[in-house]
Every structure is written in C-alpha cells, then in structure tokens.
C-alpha cells in the first residue's frame, strides 16, 4: 500500500455530513435509502471479487467503498432523526458481546461448531421473545442460490434436515424425474416449479457436503467465461467467427480450451 495520511472513522462521517449539507454535492444530497440499494449490493460484490483475485490493494479500496455505503445510509437516517452510525455501531457491539458468552461470560465452547450451536440458541431465544421465525434473519434480497443455502442452513440448526447426504441424492433423483414428467406434460408453470425444486435440492447437497453453492457456481461461471473466450480467440486467429462453425467444431474447440488449462 502507498504511504498516505491515515484518516479516522470520524473524519469519514464528518465528510459525509458535509457532502449532504447545504453547500455540499448535489448528487449526494439527492440520494435516498432506495437509490443507494444497488450501490450497496454492487460494492459488496466488488469486495468479494477483490478477495477472489487475492488483490490486497484492491480489497482495501473496495472495503472503503463498502464502508462509505454504511456511512451514507446512516447519514440519511440521522437527518431523518431515526439513528446515526454510532447507534448502528453500538447495536452490533452489544450483539457481539451478547452472542459470545464463551468469551465474555461463563459459557464453554470447545470448537467452532459449538460456537455456532450456542449462537443459534441465543438467536432462537431472542426470536421467541420477539415472536419471530427461525428464517426471519435471511434477507429476502439475497441471490436465490445463496438464499436457498441460508434458509436450509437455519432450518437444519433446529433439526429440520436430512440425516444423511445420501438421502438428499435420493431427493435429487426424485426432482429430476418430476422435472422430466413436467417437460413431457408441456406445462410451463410446472416446469419452472420443478426446476426451482431441483436447484433448491442441489443447494442442499452442497450444504451437506460443506460446499458454498454460490461460490461453486460463480467458479463455474468464471471457468465457462475463460474457456469460451479462449474459443473465440482461437477462431479469430483463424480468420473466422464462432457463428460460422458447426456445433461439432465448437465442441472440439471447447475440448482444446479445456485441455490447455490442464497442461
């Protein structure tokens, strides 16, 4: 990282207040909680992307962008009189202390699994007091595959789960049969429903195998992009375009791209 003057968190908060102030930036002053939503999601993904690239300099920058979104949101709510960023910090501070009795209390947790069990138990007690569902903590806006993983993970922590991974594979085979039947029947609504059930079951298999389904699919997406663009380069070098090739020729190029990665 380049040498630079270190800034404090309070300076960032004050900067945001200035930008939103009467003599601040017209764009910043125009923003609302609703308009910031896509930026919050985008910045979160850019943090993840920097981690995937193992880019520490990029990660520092992206974390700053992500932190700005939290400060931006809290400045708007401060102006409304709801809460400020320090209320949010207080809330997470107190929650972490409350959820870590094995650190700040007399509860014993021998390993990470026991920590998760204690965490879920405390959350369940809080939900009961507030009359909330076990699933209420899963954000509705999560990507579908990640959301499926989180929903079933939370259900599993209260005992609603397959006992064996093999049982989920049996469910997968059942869902494939039902999808085929829906395709044979030509019912578009049923086909969509069965595809959803199939993907949901695959997310369960990934969870049972301790694999992050969202990251696994993202890795496959990156692999597809890498191999497909390799095909395009090979074709262009030969003075042609992919749409001029037969499926058999494209399949051959795909296999060549795949083999090149394994060298």
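None of the figures in this text is laboratory data; all of them are computed from the coordinates on show. Owing to the predicted nature of the structure, the values given are computational and were not obtained by experimental measurement. Here Cβ is always computed from backbone atoms with ideal geometry, including for glycine, and neighbour counts include all displayed protein chains.
Structure notes:
- Mean projected area of the convex hull spanned by the Cα atoms of segment 9-88, taken over all viewing directions: 5.6 nm².
- For the chain, the longest principal axis of the C-alpha atoms and the axis of helix 112-130 are separated by about 60°.
- Length-normalised contact order of segment 137-211 in % [C-alpha pairs under 8 Å, at least 6 apart]: 38 percent
- With Cα atoms, 0 to 90° folded angle of helix 247-261 axis to the chain main axis: 50 degrees
- Tensor-based shape of segment 125-250 (alpha-carbon gyration tensor, a/c under 1.5 rounded, otherwise prolate or oblate): prolate
- Comparing Cα centroids, segment 1-71 and segment 162-177 end up 44 angstrom apart.
- Inter-part distance where segment 95-142 and segment 178-255 are each reduced to a Cα centre, Å: 37 Å
- If you plug the beta carbon distance of residue 48 and residue 27 into 1/(1 + (r/R0)^6) with R0 = 35 Å, you get a FRET efficiency near 0.85.
- To the nearest ten degrees, helix 85-99 and the longest principal axis of the Cα atoms of the chain are 70 degrees apart.
- Taking every alpha-carbon pair under 8 Å whose residues sit at least 6 apart, the chain reaches a relative contact order of 9 percent.
- Note that segment 215-261, at 25 °C in a medium of 0.890 mPa s, gets a Stokes-Einstein diffusion coefficient of 221 µm²/s from its Kirkwood radius over C-alpha pairs.
- Value of relative contact order over segment 203-263, rounded to a whole percent, pairs C-alpha under 8 Å and six or more apart: 29 percent
- Anisotropy class of segment 1-151 from Cα gyration tensor, a/c 1.5 cut: prolate
- Computed over the alpha carbons of segment 137-211, Rg followed by Dmax gives 13.3, 38 Å.
- Read-out Cα Rg over 2.2 N^0.38 Å, derived from the coordinates shown; its label in [x] 1.35; [y] 0.95; [z] 1.01: [x]
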